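Nothing in this text is a laboratory measurement; each read-out follows from the coordinates by a stated rule. All figures in this text were calculated on a predicted structure; none of them were measured in a lab. Every residue, glycine among them, receives a Cβ derived from its backbone with ideal geometry; neighbour counts consider all protein chains shown.
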Amino acid sequence: MTKRRNKRAERLAKEERKKRLKKRRRRRALVLILELLILAGLSVAAYAIFKLEKMDHTVLDIDTSGWTQEGYTNIALFGTDSRGEGGEDGGPARSDTIIVASLNNETKEVKLVSVYRDTMLGQEGQHYDKANVAYAQGGPEEAVNMLNRNLDLDIQDYVSVNFLALADVVDLLGGLEIEMTEEEVVHMNNYCVETSEVTGKSYERIEPEVAGTYHLNGVQSVSYARIRYTAGGDFTRTERQRLVISKIVEKVKDAGIIKMNEIIDAVLPEVSTSLSGTEILQMAVGVFDYTLGESKGFPFDSATPESVPGYTGSYVVPVGLEKNVRELHQFLFPDQQYTPTEDLVFISDNIAYITGIYPEVTEESTEETDGY
């Protein structure tokens, strides 16, 4: 009887040891898996940082208007025809495209506002000129400061790309389907000649030049976005730019990891930004959560006089910069109350005095001085 009990006890003890051994092995296997996952994650991060080092990174000294758009991240996007030595004097080129991208951190909605490049705005040193002059005179730092100064924004960062980067992205995504008028087809074919020379990429003319929906490659898409000499001038040109951006965003969301890697390799050397590698990685993690919302052109209410006293060339004049900026804040930050700063009111009054173009004074506009 005693022997049986001893054997049973030994058997139970062996089974218990086996169970403990299995648990230890499971724990070791789990720890090993976790270590491998962590190592893989670190490797991916290191690889991503290595790639991000290919970008031209610039640290900015930014002046804000004093306003802080809490809950939003505002970034300036600039499109140029070069990176560095493209200006007529050998300095930075003027920004061909100026867009404010405002990200709602809670809803993940992104709104785009194109600032017309010929818009008369306050420049550094209290003089007035076209919006795109700021980039040529002081690079992205002065261009961002110009936007903050004239729009009462708190933009801290920028991303600048040239024609080649945009053309590369479109080609790697397999092209874009875009509907064009007959006039747009003609102008796009003409712009393709220069765009092809600048980017070193090829294209095929669209013939016959008739209206329709076309599958455009990189050179053609960039040329379409550059069209300016149609009805609406720069106003419709910025609409085309935002359309191209929205179509790229749609296709990027459907692109796989391998294709995304190809795009990153091709585009990063053509990108200049103030965003750090860590900030870009944080944005990249949630990129597919963002949705592209409504987009507009600024100023909303503008005039294009034949001439401006003391100035040469054509200008887009805000019909009341202060009034337009109020509307801008209502569009981008509808949940925030806004009152224009004294600096903005000063700039707005000066532009009106220089151009002789004043907003219509109504009872409603008078009430706006109390904010909204």
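With contacts taken as Cα pairs under 8 Å at a separation of at least 6 residues, the range 236-321 carries a relative contact order of 23 percent. The chymotrypsin sites (Phe, Trp or Tyr not before Pro) of the range 205-289 meeting both criteria, a DSSP state outside H, G, I, E and B (loop) and at most 14 other C-beta atoms within 10 angstrom of the site's C-beta, are Tyr229. Is the shape of the range 191-337 rounded, prolate or oblate, going by the alpha carbon gyration tensor and its root eigenvalues a ≥ b ≥ c, with a/c under 1.5 for rounded and a/b larger than b/c for prolate? Note, shape of the range 191-337 comes out oblate.
Taking amide hydrogens as placed 1.01 Å from N in the peptide plane, the amide H of Asp96 sits under 5 Å from those of Gly79, Thr80, Asp81, each at least 5 positions away in sequence or on another chain.
The stretch between Glu239 and Asp56 holds 63.1 nm of extra length on full extension. This uses 0.36 nm per residue minus the Cα-Cα distance. Between Gln126 and Glu306, the FRET efficiency estimated from the beta carbon spacing at R0 = 41 angstrom works out to 0.95. Under a crude label model (7 Å from the Cα following the beta-carbon direction), how far is Met260 from Glu106 in nanometres? Going from the Met260 label point to the Glu106 one covers 2.7 nm. Pairs of Cα atoms in the range 114-164 fall into 5 Å distance bins, from 0 up to the last occupied one, in shares of 5, 20, 33, 27, 11, 3, 1 percent.
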